[in-house]
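Input: a single structure, listed below in C-alpha coordinates.
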Amino acid sequence: MSSAPSESPSRSAFVRRPSPKLANGLVTHVERSTDVDPVVAYEQWSGYVNALTDAGYEIHEVEPAPDCPDGVFIEDAMVIARDLMVVTAPGAAARCARDPWRQSCCGGPGSPCSRPGRCAR
(Lines give C-alpha, C1' and ligand atoms only; values in the text may rest on other atoms or scores of the structure.)
Protein backbone atom coordinates (compact mmCIF):
# COMPACT_ATOMS: atom_id res chain seq x y z
CA MET A 1 0.00 0.00 0.00
CA SER A 2 1.42 3.37 -0.96
CA SER A 3 0.76 6.57 0.88
CA ALA A 4 0.22 10.00 -0.61
CA PRO A 5 3.29 12.24 -0.70
CA SER A 6 3.55 14.56 2.27
CA GLU A 7 4.42 17.62 0.21
CA SER A 8 2.51 19.09 -2.69
CA PRO A 9 4.01 18.87 -6.14
CA SER A 10 5.71 21.95 -7.51
CA ARG A 11 3.45 24.11 -9.61
CA SER A 12 5.99 25.91 -11.76
CA ALA A 13 5.78 26.77 -15.43
CA PHE A 14 8.65 27.91 -17.63
CA VAL A 15 7.54 30.16 -20.48
CA ARG A 16 9.16 32.19 -23.25
CA ARG A 17 7.60 34.94 -25.36
CA PRO A 18 6.96 34.05 -29.00
CA SER A 19 9.60 35.13 -31.49
CA PRO A 20 8.66 37.68 -34.14
CA LYS A 21 9.93 34.98 -36.55
CA LEU A 22 7.35 32.41 -35.35
CA ALA A 23 6.01 31.97 -38.89
CA ASN A 24 9.42 30.55 -39.89
CA GLY A 25 9.28 27.72 -37.35
CA LEU A 26 9.61 24.08 -38.29
CA VAL A 27 6.44 22.35 -39.46
CA THR A 28 6.28 18.60 -39.89
CA HIS A 29 2.64 17.49 -39.88
CA VAL A 30 0.72 20.45 -41.33
CA GLU A 31 1.15 22.81 -44.25
CA ARG A 32 3.05 26.00 -43.52
CA SER A 33 0.73 28.92 -42.85
CA THR A 34 1.57 32.30 -44.29
CA ASP A 35 -0.77 34.20 -41.99
CA VAL A 36 0.96 33.86 -38.61
CA ASP A 37 0.46 37.21 -36.88
CA PRO A 38 3.11 37.95 -34.21
CA VAL A 39 0.71 40.30 -32.38
CA VAL A 40 -1.98 37.62 -32.17
CA ALA A 41 0.63 35.04 -31.16
CA TYR A 42 1.73 37.29 -28.28
CA GLU A 43 -1.90 37.85 -27.19
CA GLN A 44 -2.52 34.08 -27.22
CA TRP A 45 0.70 33.46 -25.30
CA SER A 46 -0.31 36.08 -22.71
CA GLY A 47 -3.66 34.31 -22.30
CA TYR A 48 -1.81 31.03 -21.79
CA VAL A 49 0.43 32.58 -19.12
CA ASN A 50 -2.61 34.14 -17.41
CA ALA A 51 -4.39 30.76 -17.41
CA LEU A 52 -1.36 29.12 -15.80
CA THR A 53 -1.20 31.90 -13.19
CA ASP A 54 -4.94 31.58 -12.47
CA ALA A 55 -4.44 27.82 -12.01
CA GLY A 56 -1.85 28.52 -9.31
CA TYR A 57 1.37 28.04 -11.25
CA GLU A 58 4.47 30.07 -10.44
CA ILE A 59 5.63 31.52 -13.74
CA HIS A 60 9.33 31.56 -14.68
CA GLU A 61 9.82 33.55 -17.86
CA VAL A 62 13.10 32.68 -19.55
CA GLU A 63 15.07 35.04 -21.74
CA PRO A 64 13.57 35.84 -25.15
CA ALA A 65 14.98 34.10 -28.23
CA PRO A 66 13.95 36.41 -31.07
CA ASP A 67 16.10 34.57 -33.61
CA CYS A 68 14.67 31.15 -32.72
CA PRO A 69 11.26 30.80 -34.41
CA ASP A 70 10.32 27.74 -32.31
CA GLY A 71 11.71 29.19 -29.08
CA VAL A 72 8.26 29.70 -27.55
CA PHE A 73 7.78 25.92 -27.40
CA ILE A 74 9.87 25.20 -24.33
CA GLU A 75 7.44 22.86 -22.57
CA ASP A 76 8.41 19.99 -24.86
CA ALA A 77 12.08 20.36 -23.93
CA MET A 78 11.86 19.80 -20.19
CA VAL A 79 9.68 17.81 -17.80
CA ILE A 80 9.83 18.36 -14.06
CA ALA A 81 8.28 15.91 -11.61
CA ARG A 82 8.82 16.75 -7.95
CA ASP A 83 12.60 16.95 -7.51
CA LEU A 84 13.56 15.41 -10.87
CA MET A 85 14.12 17.44 -14.04
CA VAL A 86 14.45 15.61 -17.36
CA VAL A 87 15.76 17.66 -20.26
CA THR A 88 15.19 16.20 -23.70
CA ALA A 89 17.35 16.50 -26.79
CA PRO A 90 15.43 17.97 -29.76
CA GLY A 91 15.62 15.91 -32.92
CA ALA A 92 15.97 18.84 -35.31
CA ALA A 93 19.30 20.66 -35.40
CA ALA A 94 17.42 23.93 -36.04
CA ARG A 95 15.96 23.67 -32.55
CA CYS A 96 19.38 23.46 -30.90
CA ALA A 97 19.41 27.23 -30.40
CA ARG A 98 17.26 26.50 -27.35
CA ASP A 99 19.94 24.19 -25.90
CA PRO A 100 21.92 26.83 -23.91
CA TRP A 101 18.74 27.86 -22.08
CA ARG A 102 17.95 24.26 -21.21
CA GLN A 103 21.48 23.71 -19.94
CA SER A 104 21.28 26.81 -17.74
CA CYS A 105 18.06 25.55 -16.12
CA CYS A 106 19.60 22.18 -15.40
CA GLY A 107 21.26 21.44 -12.13
CA GLY A 108 19.98 24.41 -10.18
CA PRO A 109 19.38 24.03 -6.45
CA GLY A 110 16.85 21.28 -5.85
CA SER A 111 16.62 20.41 -9.54
CA PRO A 112 18.55 17.23 -10.36
CA CYS A 113 18.71 16.67 -14.08
CA SER A 114 18.91 13.72 -16.40
CA ARG A 115 20.16 14.92 -19.81
CA PRO A 116 19.79 12.26 -22.51
CA GLY A 117 22.03 13.81 -25.11
CA ARG A 118 22.90 16.67 -27.38
CA CYS A 119 21.54 17.65 -30.74
CA ALA A 120 23.20 16.12 -33.76
CA ARG A 121 24.75 18.92 -35.74
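The values are calculated or read from the model by the stated rules, or taken from the named source; none is laboratory data. Just so it is clear, the structure is predicted and the values come from calculations on it, not from any experiment. Positions of Cβ are generated from backbone atoms using ideal geometry, with glycine treated the same way; all protein chains shown enter the neighbour counts.
Within the stretch 52-63, track down each residue that is within 19 Å of S19 (Cβ to Cβ) and assigned to a loop (DSSP other than H, G, I, E, B).
Listed by number, the residues that qualify are V62, E63.
Selection of first residues in the stretch 15-38 that are within 18 Å of A77 (Cβ to Cβ) and of second residues that are small (G, A, S) and loosely packed, with under 13 Cβ neighbours inside 10 Å, restricted to Cβ pairs under 6 Å at least 6 apart or on distinct chains, gives the following pairs, ordered by first then second residue: L26/A92. Taking the stretch 69-89 as the range and being of a type in the set (D, E), assigned to a loop (DSSP other than H, G, I, E, B) and over 12 Å from R16 (Cα atoms) as the test, only D83 passes. Here Q44 meets each of (1) closer than 19 Å to N24 by Cβ; (2) touching a Leu at 6+ places or on another chain (Cβ under 8 Å) with one exception, condition (2).
The rows are residues; the columns are (1) of a type outside the set (D, E, K, R); (2) modelled with pLDDT of 80 or more; (3) closer than 30 Å to D83 by Cα.
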position: S8; (1), (2), (3): yes, no, yes
position: N24; (1), (2), (3): yes, yes, no
position: V36; (1), (2), (3): yes, yes, no
position: G47; (1), (2), (3): yes, yes, yes
position: N50; (1), (2), (3): yes, yes, yes
position: D54; (1), (2), (3): no, yes, yes
position: V62; (1), (2), (3): yes, yes, yes
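Evaluation of C119 against the conditions (1) at pLDDT 55 or above; (2) touching a helix residue (DSSP H, G or I) at 6+ places or on another chain (Cβ under 8 Å) shows that the sole unmet condition is (1). P66 meets the conditions (1) modelled with pLDDT of 85 or more; (2) assigned to a loop (DSSP other than H, G, I, E, B); (3) touching a helix residue (DSSP H, G or I) at 6+ places or on another chain (Cβ under 7 Å) in every case but one. The failed one is (3).
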